[in-house]
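As structure tokens, the structure follows; a few thoughts come after it.
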Amino acid sequence: MINSVSCIIIDDEDYAIGLLSESLKELYSNIKIVKTFTTWKDGLEALRTMKVDIVFLDISIGGKNGLDILKIVPTLDSEIIFVTAYAEYALEAFKFSATGYIVKPIGDTELIKAVDKALERLHNKKMASQYKGTGVQLNTKIGIPSGKGVSYFDVDDIIYFEAVNNYTKVVTKNTELISSYNIGKFTSILEGMPFFHVHRSFIVNLNYVSRFEAVGAVIMINKKEIPVSRNSRDEFLKLFTSLQSDMA
């Protein structure tokens with residue numbers, strides 16, 4: 001765990017900033033709120049000039065869209081956690097590799113889940129920087145065992161995982177592989193990565209979901225139709241609220 005973590009809050013409501021600040025202070029002794037900003041312009045300037053670990057960002061800031069700040073500062077290295085009253089921007093926020101998307105009013109459970117994920121990512125970045133130049137790559141490749149040995153794949157190349165009895169079929173952009181791991185093992189390995197267990201037999205890469213069908217299935221970029229279980233559907237749609245408009 002990282003001993004000291006810096007953050008800023010960008011939100012045009014002082015009351016919302018106060019509530020979030022109090023929650024962070026109560027839940028995380030190692031997180032320091034460096035500064036808060038209530039205007040879009042000041043928030044943009046802060047992200048251009050300040051280096052912090054976590055940014056808590058509202059979607060609507062004085063009538064402007066907080067997502068536009070990220071478009072202007074595309075190389076931002078901070079972990080971004082959106083805290084907003086607008087659920088419909090979740091998919092677009094995810095495209096910016098957002099660490100979390102919390103819909104107001106803020107609940108401790110949702111806040112802890114998002115912040116813990118940000119802290120994990122920060123820890124992984126720190127570890128990766130320590131290995132830089134040694135030839136070791138962290139969090140970009142995963143080793144997948146099969147009957148022939150262990151194959152290494154870039155995480156970004158994997159489209160989905162499918163349970164096949166006690167094995168798992170791994171489908172990438174270029175190939176398919178039957179792994180000796182069961183799908184439960186991959187659930188653990190992929191923790192903190194952009195994957196979602198949509199069905200007991202399927203884990204999908206959220207970056208490669210093209211469409212959600214009203215019948216309860218997702219269409220992947222390779223045209224594969226994958227079922228979404230009823231138990232997973234609500235949580236999945238919270239991430240992809242804007243996809244619902246495609247169902248009409």
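The values are calculated or read from the model by the stated rules, or taken from the named source; none is laboratory data. What you see is a predicted model; the values in this text were computed from it and never measured. When we count neighbours, we look across all protein chains shown, and the Cβ atoms used for this are built from the backbone with ideal geometry, even at glycine.
See the values below:
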{"quantity": "Which listed residue, of Asp12, Asp42, is touching a strand residue (DSSP E or B) at 6+ places or on another chain (Cβ under 7 Å) and either in the same structural domain as Ala114 (by TED's automatic domain parsing) or among the polar types (S, T, N, Q) (or both)", "calculated": "Asp12"}
{"quantity": "Count - residues of region 194-214 that are at pLDDT below 90, surrounded by 15 or more Cβ atoms within 10 Å (Cβ to Cβ) and aliphatic (A, V, I, L, M)", "calculated": "2"}
{"quantity": "Residue ranges of strands (runs of 3 or more DSSP E) in region 183-240 with at least 1 members within 22 Å of Ile102 (Cβ to Cβ)", "calculated": "195-199, 209-213"}
{"quantity": "Any hit, region 80-92, residues being over 21 Å from Asp156 (Cα atoms), over 20 Å from the mean Cα position of the chain (by Cα) and free of Cβ contacts under 8 Å to residues at least 40 places away in the same chain", "calculated": "no"}
{"quantity": "When residues of region 43-67 are limited to those that are in contact (Cβ under 8 Å) with a residue 12 or more places away in the chain and among the acidic types (Asp, Glu), the one farthest from Lys95 (Cα to Cα)", "calculated": "Asp53"}
